[in-house]
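Heads up, the thing below is written out as structure tokens.
The values are calculated or read from the model by the stated rules, or taken from the named source; none is laboratory data. This structure is a prediction, so every number in the text was calculated from the model and none was measured. For neighbour counting, all protein chains shown are included, and Cβ atoms are generated from backbone atoms with ideal geometry for every residue, glycine included. For the accessible areas, the whole protein counts, side chains as well, though only heavy atoms, and no ligand, DNA or RNA atoms are used. Shrake-Rupley method; radii C 1.70, N 1.55, O 1.52, S 1.80 Å.
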Amino acid sequence: MSTFHHISVLLDECIDGLSIKPDGIYVDGTLGGAGHSSQIAARLTTGRLIGIDRDPIALKAARERLTPFEERVTLVHSNFCEMASVLDDLGIDGVDGILLDLGVSSPQLDDGQRGFSYMVDAPLDMRMNNDDALTAEEVVNTWSYEELRRILFDYGEERYAPQIAANICRKREEQPIQTTLQLVDIIRGAMPAAALREKQHPAKRSFQAIRIAVNDELGAVRQVMDAAISKLNPGGRLAIITFHSLEDRIVKNGMADAATGCICPPQFPVCVCGKKPAVRLITRKPIVAGDEELARNPRARSAKLRICEKI
């Protein structure tokens with residue numbers, strides 16, 4: 001059995017929110033360890049589950065976990081932002097529910113050799129899919145000071161982004177930055193002593209920012225919003241878990257826009273835009289983890305679940 005094990009966040013809330021029909025067609029666009037998917041598949045009789053993941057290691061583990069349900073499960077190696085094409089290739093015009101868990105799986109973070117961790121020395125990789133071309137090493141060694149400062153500040157919300165970006169540019173002139181702990185030392189060297197004494201690891205925000213850039217995580221979220229809603233059958237539900245404020249903003253605004261009707265100026269006597277609401281919001285405010293779940297899984301602290309339903 002694979003050692004890929006991930007604690008599914010907001011599991012009960014997702015399953016309840018999807019309102020699963022035994023004969024429905026469902027998509028888990030971020031399959032991971034199949035924690036959510038195994039619960040969806042267990043509720044199907046004549047229905048079908050399409051599981052998508054860009055990480056071959058996650059797919060292998062999910063295939064093992066979903067063996068009891070294999071007759072109703074189809075697994076696809078792809079990025080969730082390609083969901084529309086995946087469904088088209090499978091001849092599926094519409095689905096009854098879509099789940100996206102946008103957090104990085106714990107095994108990816110904990111596998112030091114993949115370069116996600118700032119606690120273990122490893123090559124600077126950070127790719128969720130090893131077939132992708134861009135690596136963290138390329139970002140750190142070739143992106144300009146301005147690009148590095150921007151991603152550290154925007155994606156990592158790192159207040160010392162200018163200092164860290166400048167130190168990266170200085171150090172890479174001396175020698176290439178090739179390993180995670182090299183980068184950690186450079187980040188530490190750019191931060192004031194007070195920041196180094198904070199509870200949070202000094203490299204956490206920077207590593208998050210670089211990982212988001214390497215995998216174009218925000219671009220994928222923007223791309224999938226319209227595609228996912230367009231693929232839902234009437235009454236079908238879209239449930240998305242985010243772990244980052246920028247992701248949550250994209251999801252929140254995307255669902256709100258899809259739930260909005262006429263956008264004509266108020267002074268227009270009749271609607272000329274023809275815009276109709278595509279969905280209704282099931283969650284006006286995001287669902288967050290309760291105390292019991294937080295005690296089991298502290299990584300759930302920043303999770304937010306939003307749900308909408310196709311009209």
Legend entry - Of all residues making up the stretch 182-203, the number that are under 25 Å from the mean Cα position of the chain (by Cα), open to solvent by 20 Å² or more (accessible area, probe 1.4 Å) and touching a residue at least 12 places away in the same chain (Cβ under 8 Å): 1
Inset, instruction - Would you mention how many residues in the stretch 232-269 are of a type in the set (D, E, K, R), farther than 17 Å from V9 by Cα and in contact (Cβ under 8 Å) with a residue 24 or more places away in the chain? - result: 2
Legend entry - Search result, residues across the stretch 92-113 that are open to solvent by less than 60 Å² (accessible area, probe 1.4 Å) and modelled with pLDDT of 90 or more: I92, G94, V95, D96, G97, I98, L99, L100, D101, L102
Inset, instruction - Working only within the stretch 256-310, note down all residues that are of a type in the set (A, V, I, L, M), surrounded by 13 or more Cβ atoms within 10 Å (Cβ to Cβ) and modelled with pLDDT under 95. - result: A300
Inset, instruction - Can you give me the number of residues within the stretch 210-234 that are open to solvent by less than 40 Å² (accessible area, probe 1.4 Å) and more than 16 Å from the chain's Cα centre (by Cα)? - result: 3
Inset, instruction - Return yes when A161 is out of contact with any Pro (no Cβ under 8 Å at 6 or more places or on another chain), open to solvent by less than 50 Å² (accessible area, probe 1.4 Å) and more than 17 Å from F116 (Cα to Cα) and no when it is not. - result: yes
Inset, instruction - Scan the stretch 300-311 and report the pairs whose first residue is part of a strand (DSSP E or B) and whose second residue is of a type in the set (F, W, Y) and open to solvent by 10 Å² or more (accessible area, probe 1.4 Å), with Cβ atoms within less than 8 Å and a gap of 6+ or a chain change. - result: K304/F243
Inset, instruction - Only helices (runs of 4 or more DSSP H) wholly contained in the stretch 115-206 count here; list those with 2 or more residues that are under 27 Å from R249 (Cα atoms). - result: 136-142, 145-154, 161-174
Legend entry - helices (runs of 4 or more DSSP H) completely within the stretch 3-66 that count 1 or more residues being closer than 19 Å to L305 by Cα: 11-18, 35-42
Legend entry - Hits in the stretch 281-299 - residues which are part of a strand (DSSP E or B) and over 18 Å from M225 (Cα atoms): I287
Inset, instruction - For the stretch 255-280, enumerate the residues that are within 19 Å of G235 (Cβ to Cβ) and either assigned to a loop (DSSP other than H, G, I, E, B) or within 19 Å of the chain's Cα centre (by Cα) (or both). - result: M255, A259, G261, K276, P277, A278
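One line per residue, one yes/no per condition, for (1) touching a Gly at 6+ places or on another chain (Cβ under 9 Å); (2) open to solvent by less than 50 Å² (accessible area, probe 1.4 Å); (3) within 18 Å of E217 (Cα to Cα):
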{"residue": "N130", "(1), (2), (3)": "no, no, yes"}
{"residue": "V139", "(1), (2), (3)": "no, yes, yes"}
{"residue": "E157", "(1), (2), (3)": "no, no, yes"}
{"residue": "N167", "(1), (2), (3)": "yes, yes, no"}
{"residue": "R170", "(1), (2), (3)": "no, no, no"}
{"residue": "T180", "(1), (2), (3)": "yes, yes, no"}
Legend entry - Residue pairs meeting the criteria (Cβ under 6 Å; at least 6 apart or on separate chains; first under 15 Å from D248 (Cα atoms), in the stretch 209-223; second of a type in the set (F, W, Y)): I212/Y155
Inset, instruction - May I ask you to list the residues in the stretch 245-271 that are hydroxyl-bearing (S, T, Y) and within 21 Å of E217 (Cβ to Cβ)? - result: S245
Inset, instruction - Filter the stretch 165-179 down to residues that are more than 14 Å from S206 (Cα to Cα) and of a type in the set (A, V, I, L, M), then give me how many there are. - result: 1
Inset, instruction - Tell me, please, whether a residue that is among the charged types (D, E, K, R), at pLDDT 95 or above and open to solvent by less than 30 Å² (accessible area, probe 1.4 Å) can be found in the stretch 31-44. - result: no
Legend entry - Residues satisfying the stated conditions in the stretch 120-142, i.e. of a type outside the set (V, I, T) and free of Cβ contacts under 8 Å to residues at least 12 places away in the same chain: D131, A133, E138
